[in-house]
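The values are calculated or read from the model by the stated rules, or taken from the named source; none is laboratory data. Predicted model, so just to flag it, every value in this text is computed and none were measured. Cβ placement follows ideal geometry from the backbone for every residue including glycine, while neighbour counts extend to all protein chains displayed.
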Amino acid sequence: MNKAITEGLALMPPPFSAGLSLWSREDGRPGDDSYAGQPDAAFVPADQDFQGCLELQKLTALQKLRCFQQIPFQPGLYLRVTVRLKAISGPLPSVRIAGWAGSSGGANVTTAQQQGPAVALTGYGQVVTVSAIIGSGNRTGVDMVWGTAPAYGHLGLDLTGPTGGVLRIDDVVIEDVTAIFHNDMFDWIDVRDYGAVGNGVTNDWPAFEAADAAANGRTVVVSPGSYYLASHFTFDNPVKFEGTLVMPADQRLSCTHDYNLNTYVAAFGSELEGFRRALQVLFHFTDHNTLDLNGRRVELTGPIDVAALAGLTAFGQRRVLTNGVLGAAPGAGWDSQTVTAVATYDTASPNRLSAVANIAAIPVGARVSGTGVGREVYVASRNVAAGTLELSQPLWGGNGTRSYSFTRNRYMLDFSGFQDLWRFEISDLEFSCGGIASGVNLATSGSIFRLDRCTFQSPRDRGVTSIKAGCQGLVIEGCLFNAGVTDPPRTVIGFNVNANDAKIRNNRSAFCTTFGIFAGGSHIIMGNHIFPNNSGSATLRSAALVFTTPQVRGFVSGNYIDHCYIELSNEYDAAPDFGSSFTFGGLSINGNLFLCSDVSPAFRFITVSPKGAGHSLFGLSVTNNVFRSSEGSIERVEMVDTSNGTLNPGSFRNVVFANNTFTGISQETISPVFVEHVQNTTSETWVVDAAAFLPFAGRARNVEAVVLKGPARNAANTVQWAQPYAEVNQGPAQNLVHLKWPSAVKGTAMVTLRCDNPY
């Protein structure tokens, strides 16, 4: 770079042959005395060493020589001032390049270094070259650092030391040597050229601002050093960090052209601080929506409170975090906090605990456990003054004052400080939890949080947690939840959902106690492979999927449910006895592969676990599934867990259990079920028994068809041309069908019956 060429700067002062009136005895300012007509100065047109020179006798202790011409100066400009001279007679002085630095307003810039290093003359007739480099930046090789304030200079030299000596001075040469410092030619500029100090204390913000403003598309280089920026800073041009930054924690660095983790690691000198700073600014960009971790691994020493880091409580624009690994470094920052306290529950306020003892010690986001508490119930907010806790879900245990435990897990990324967060996505990211940290804690409220192709490796407690309603429209797709094989197994929940419309597709859950716990409805669960920790033998396995809203309105399709089961529950019902609300159903379980081996014969693939009495099934479809048990058979594939409630089989409606295949299952489950009833002895009542086929201990509530296979015959073996009628809900358990004939007959009937009313 040569600004004399590229910007047309006139840098060369006039030669002495042009007249000594152009050269000042003082600072070169207008009105200063010149050397014209002075007895101690004369122009020598011919000299054996110089082609015209100034002969000058030193008469004062400090003899100045300055050009009246204003030599332009600007940030990023580096000038080399060179003078050749020789001593003729008399005492030998010292010589140095010097100048007067002027601001745009004409004042002297006293902060600029206005004298170069001195050179002592040691003999007569010997030509000595004296030079110095003047530049804006404090860089190696710069003799006179002027900073960014000067706009011009009156340049020349100083003679110091003894007086009386006579010297001859060649024309002063000023060269643009910017290219020595900007060796990439036009591609970049350095913040030190604009006054940055880089001592970690001085606020270099103005220098950074000036450098970025001057870059005009070129790369801004932050050369080695430690630079303190006191407030938010945005690079509007590309930036390269060779030095590092120091900034207050609440101030942001925005790199608009180089927004990725590599840039921020270089800027702040550590992967953790670089990640924190890059994630912080993600919420404040308008022209970037994705933070790329460049495939790097960042070791976290404790949870990152994302809302506090961003300085926000609500955010609604799409943002993406992608392409890297977050690891949990061992330390006390991951220790869970557990508080036990007595509190009162009243079903009139189903999402509240009141009169909570020691409430100030109970953190928001703590998981609640105790008698009558369902799985994955969290403290959504607290009012210390009122002594109340707001819960993510109601409790089913009824009114009363009880002791509860409150456990706050630690998450690598904790978004729970956001009261409202929409459209945040994490993709291609591994959460390497190391058995000491949980993965992601969602916002208190919000929608469309997406996890795509992520890995949750060895979470301590939870993969993804929703403490209230930040899971609306949650999407988890192509992810791996791997709890790891431990003995004894850790209780790891893959994720939970409190709101509606979750899309859980094509994931793999390995060794988690439970893959997903769903409140709300309208969920789609497709293409997942789910298997728990299978240590031990002949054990009852855990639930893969738990639906806590009786009317789920969902699909479970095309999944591989391996050594675990689906559970339907109403554990978030403050009044769990069935009243006028919807009961269990609204769920299609279709086209799944269910597999188990080496389990107890009592194991079941589908379980309904009612809390309270009087519940039923309404709208449950289990079709086109494969049920297989190897290495030992199981008794059947479905059951009702009556530990805390019952089902009323007399109220089943629209329950279909059809077109499934069964291998290693002692008793198939089918409804509507087609049975062949063979009546070998004559009777007016044929008792058709298909009770073992009916799901969930259902009753024989309807007959769809009765077709005789051959004629009905009386005791004389005479064909009887008669038609029976059906009586349903027969027998002590109301699970038999009676075919009633006008007279005693025998024969074979093909009967299709079902456990429900179809409408």
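Points to keep in mind about this one:
- Residues in the range 426-445 that are in a loop (DSSP other than H, G, I, E, B) and surrounded by fewer than 20 Cβ atoms within 10 Å (Cβ to Cβ): Gly434, Gly435, Ile436.
- Taken over the range 574-603, residues that are under 38 Å from the mean Cα position of the chain (by Cα), farther than 26 Å from Val373 by Cβ and small (Gly, Ala, Ser) amount to 2.
- Taking the range 446-467 as the range and being surrounded by 19 or more Cβ atoms within 10 Å (Cβ to Cβ) and farther than 28 Å from Gly331 by Cα as the test, the residues that pass are Gly446, Ser447, Phe449.
- Screening the candidates Gly125, Gly137 for the property of being under 60 Å from the mean Cα position of the chain (by Cα) and in the same structural domain as Glu55 (by TED's automatic domain parsing) yields one hit, Gly137.
- Number of residues in the range 504-528 that are closer than 21 Å to Phe584 by Cα, part of a strand (DSSP E or B) and not β-branched (Val, Ile, Thr) equals 4.
- Of all residues making up the range 363-412, the number that are of a type in the set (Asp, Glu) and outside any strand (DSSP E or B): 1
- In the range 219-234, the qualifying residues are those that are part of a loop (DSSP other than H, G, I, E, B) and touching a strand residue (DSSP E or B) at 6+ places or on another chain (Cβ under 8 Å), and the one that is farthest from Asn138 (Cα to Cα) is His232.
- Ala716 passes every criterion in (1) surrounded by fewer than 18 Cβ atoms within 10 Å (Cβ to Cβ); (2) in contact with a helix residue (DSSP H, G or I) (Cβ under 8 Å, 6 or more places away or on another chain) apart from (2).
- Single residue of the range 42-69 satisfying the filter (buried (at least 17 other Cβ atoms within 10 Å of the Cβ) and polar (S, T, N, Q)) that is farthest from Val127 (Cα to Cα): Gln69
- From the list Pro75, Pro162, the one residue that fits, being out of contact with any Asp or Glu (no Cβ under 9 Å at 6 or more places or on another chain), in contact (Cβ under 8 Å) with a residue 60 or more places away in the chain and farther than 25 Å from Gly19 by Cα, is Pro162.
- Enumeration of residues in the range 64-95 that are among the small types (Gly, Ala, Ser) and either out of contact with any helix residue (DSSP H, G or I) (no Cβ under 7 Å at 6 or more places or on another chain) or outside any loop (DSSP other than H, G, I, E, B) (or both): Ala87, Ser89, Gly90, Ser94
- The condition (being part of a strand (DSSP E or B) and closer than 19 Å to Gly153 by Cα) is satisfied by just one residue among Ala98, Ala10: Ala98.
- Flag not set for Gly632, criterion: surrounded by fewer than 17 Cβ atoms within 10 Å (Cβ to Cβ), over 26 Å from Gly591 (Cα atoms) and of a type outside the set (Ser, Thr, Tyr).
- Looking only at the range 314-328, and only at residues there that are in contact with a helix residue (DSSP H, G or I) (Cβ under 9 Å, 6 or more places away or on another chain) and closer than 24 Å to Pro459 by Cα, the one that is surrounded by the most Cβ atoms within 10 Å (Cβ to Cβ): Ala328
- Considering the range 334-356, and only residues there that are small (Gly, Ala, Ser) and farther than 28 Å from Trp422 by Cα, the residue that is surrounded by the most Cβ atoms within 10 Å (Cβ to Cβ) turns out to be Ala343.
- Test: residue in the range 115-125 that is in a loop (DSSP other than H, G, I, E, B) and buried (at least 19 other Cβ atoms within 10 Å of the Cβ): yes
- Scope the range 610-639; condition part of a strand (DSSP E or B) and of a type in the set (A, V, I, L, M, F, W, C); matching residues: Ala613, Leu617, Phe618, Leu620, Val622, Val626, Phe627, Ile634, Met639
- Here Thr685 does not qualify as without any contact (Cβ under 8 Å) to a residue 40 or more places away in the chain and either out of contact with any strand residue (DSSP E or B) (no Cβ under 8 Å at 6 or more places or on another chain) or in a strand (DSSP E or B) (or both).
- In the range 172-200, residue modelled with the lowest pLDDT [restricted to those that are among the β-branched types (Val, Ile, Thr) and in a helix (DSSP H, G or I)]: Ile180
- Count of the range 70-95 residues which are touching a Leu at 6+ places or on another chain (Cβ under 6 Å), closer than 19 Å to Gly135 by Cβ and buried (at least 20 other Cβ atoms within 10 Å of the Cβ): 3
- Residue within the range 462-485 that is modelled with pLDDT of 95 or more and of a type in the set (Lys, Arg) present: yes
- Qualifying residues in the range 1-31 (those that are at pLDDT 95 or above and charged (D, E, K, R)) - the one farthest from the chain's Cα centre (by Cα): Arg25
- Among all residues of the range 608-616, there is none that is among the hydroxyl-bearing types (Ser, Thr, Tyr), in the same structural domain as Cys564 (by TED's automatic domain parsing), surrounded by 15 or more Cβ atoms within 10 Å (Cβ to Cβ) and within 26 Å of Met750 (Cα to Cα).
- Residues that are in contact with a strand residue (DSSP E or B) (Cβ under 7 Å, 6 or more places away or on another chain) and not in a loop (DSSP other than H, G, I, E, B), drawn from the range 13-32: Phe16, Ser17, Leu20, Ser21, Leu22, Trp23, Ser24
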